[in-house]
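Step one of this worksheet: look at the structure below.
Throughout, read-outs are computed from the coordinates displayed, never taken from laboratory work. Keep in mind the model is a prediction, meaning the values are calculated, not measured. Note: ideal-geometry Cβ built from the backbone for every residue, glycine included; neighbour counts use all protein chains shown.
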Amino acid sequence: MKAIRVGRTGGPEVLELADVPVPSPGAGEALVRQSVAGINYIDVYVRTGLYKRDLPFIEGREGAGVVEAVGEGVTEVKIGDRVAYAQTPNLGGYAEANAVPVRELVPIPDGVDDRDACAVMLQGMTAHYLANDTFPLRPGHVALVHAAAGGVCSTLVQLAKARGATVIATVGTEEKAELARGLGADHVIVYANEDFADATRAIVGEHAVDVAYDSVGKDTWERSLSLLRPRGMLVVYGNSSGPVPPVEPQKLASAGSVFFTRPTLVDYIRTRDELLGRAHDLFDTIRNGKLHVRIGATYPLADAAQAHRDLEARKTTGKLLLIP
Ligand code: NDP
């Protein structure tokens, strides 16, 4: 089968189309014949070596398709089932097929297509836990959402609005601003053109942000912190501009006894019930038209390197998918 293999860490050029054997599902695994594979920013960190993996590996950790074979002891799914997954520790997502632990597979209900299902497995579920659990939003809350036209945030803005929050969104370009408004953001700041902290203060005043959802990291976290109300929360959940340096606890006291968390999806889908609960919640909101999954672009599998170039160059919006 065709797959995108990484033999050494580095730039997008290390993503090479290769012929590799179709994996055979081990005990507790199912072989998924993929109609689509998801691209996530974490794939960049793995490709560059910021997050370490043993070499060589097949890039990617998300996909959707049909169960083609099952390993020993599998009862959760059967051949022919439509399924989606994300976060398998073994990677292998950028490929025509992947052997996935069945505890990570989610059945896709009728009324949700493979592309939308794949698109919400990692980014959508992240938006879901951020809005519902890390900082449970409610009417009256002011939420600052960085990179609002991106994969996670195009869903996060919609979920935050559905929970009644006021959303201040930041984006890199005017085109992305238009998109963020369309998703329901109340205020949109093009942070490439103006200081987002000054602009936020002009909108809601000093120390008026209840929660800052910050995936940009190095370039934004300190100003995000400065905008919080006393006992507000800074949620740093990504490093798109680089990792956040160590933070002195005293800095949190000076900022108004604020909370600082660095969450990751795996801790919000710790049980199968939690995984299925989040996935079904998202699938339901797609089916009843309350969540519009924004697929920004699709690429042939062979063009994975170009997709990474576009993602890192901040040219993309919404979800990026590879079509095997
Ligand atoms: P996005 O689609 O959001 O793409 C990244 C966006 O970040 C860019 O489009 C750009 O938007 C913005 N950005 C700001 N500065 C930079 C920079 N220096 N280089 C590149 N991009 C920059 O990606 P994802 O939705 O896949 O992921 C968003 C973030 O969330 C990532 O940091 C990812 O690691 C993290 N994440 C964390 C999870 C968790 O559980 N902790 C789970 C899933 C994702 P703009 O032009 O508008 O600034």
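Here are a few things to note about the model shown:
- Modelled label positions at ARG262 and GLN250, each set 7 Å beyond Cα in the direction of Cβ, lie 2.1 nm from each other.
- Two-decimal log10 I(q)/I(0) for segment 200-268, as the Debye equation yields it once each C-alpha is a single scatterer, q = 0.15, 0.25 Å⁻¹: -0.45, -1.13
- Summarised in one figure, the compactness ratio Rg/Rh of segment 83-192, Cα atoms and Kirkwood Rh, is 1.04.
- At least 15 Å along the helix axis (C-alpha) and Kyte average at least 1.0, DSSP helices within the chain: 151-162
- Close amide H pairs (under 5 Å, H built 1.01 Å from N) link ILE189 with ALA169, THR170, VAL171, residues at least 5 positions away or on another chain.
- Loop chymotrypsin sites (Phe, Trp or Tyr not before Pro), segment 173-256 (other Cβ atoms within 10 Å of the site Cβ: 10 or fewer; DSSP): none
- Neighbour-count order for SER224, SER35, fewest beta carbons within 10 angstrom listed first: SER35, SER224
- GNM result for the chain, Cα springs below 10 Å: residue of VAL236, VAL83, VAL112 fluctuating most strongly: VAL112
- Options VAL247, VAL258, ALA99, ranked by Cα towards positive dipole end of the chain, top entry (Cβ charges): VAL258
- Size descriptor for segment 172-324, Kirkwood hydrodynamic radius: 18.0 Å (Cα pairs only, one decimal).
- Chymotrypsin sites (Phe, Trp or Tyr not before Pro) restricted to DSSP loop in segment 1-99 with at most 13 other C-beta within 10 Å: TYR51
- Over the chain, relative contact order from alpha-carbon pairs under 8 Å, at least 6 apart, %: 18
- Gyration tensor (Cα) of segment 8-127, equivalent ellipsoid semi-axes in angstrom: 24, 17, 12
- Ratio Rg/Rh, restricted to segment 138-233 and using Cα atoms, in which Rh is the Kirkwood radius: 0.92
- Segment 1-91: GluC sites (Glu not before Pro) in DSSP coil with no more than 13 other Cβ atoms inside 10 Å: GLU72
- Cross-link partners of LYS161 among aspartates and glutamates (Cα-Cα below 14 Å; sequence separation of 8 or more within a chain): ASP186
- Alpha-carbon centroids, segment 75-127 and segment 271-324: separation in whole Å: 12
- For the chain, average projected area of the Cα convex hull in nm²: 15.6
- For GLY93, the amide hydrogen comes within under 5 Å of the amide hydrogens of GLY60, ARG61, GLU62, counting only partners 5 or more places away or on other chains and with H modelled in the peptide plane.
- Here's how it looks for GLY232: its modeled amide H is under 5 Å from those of PHE259, which are all 5 or more places away or on a different chain.
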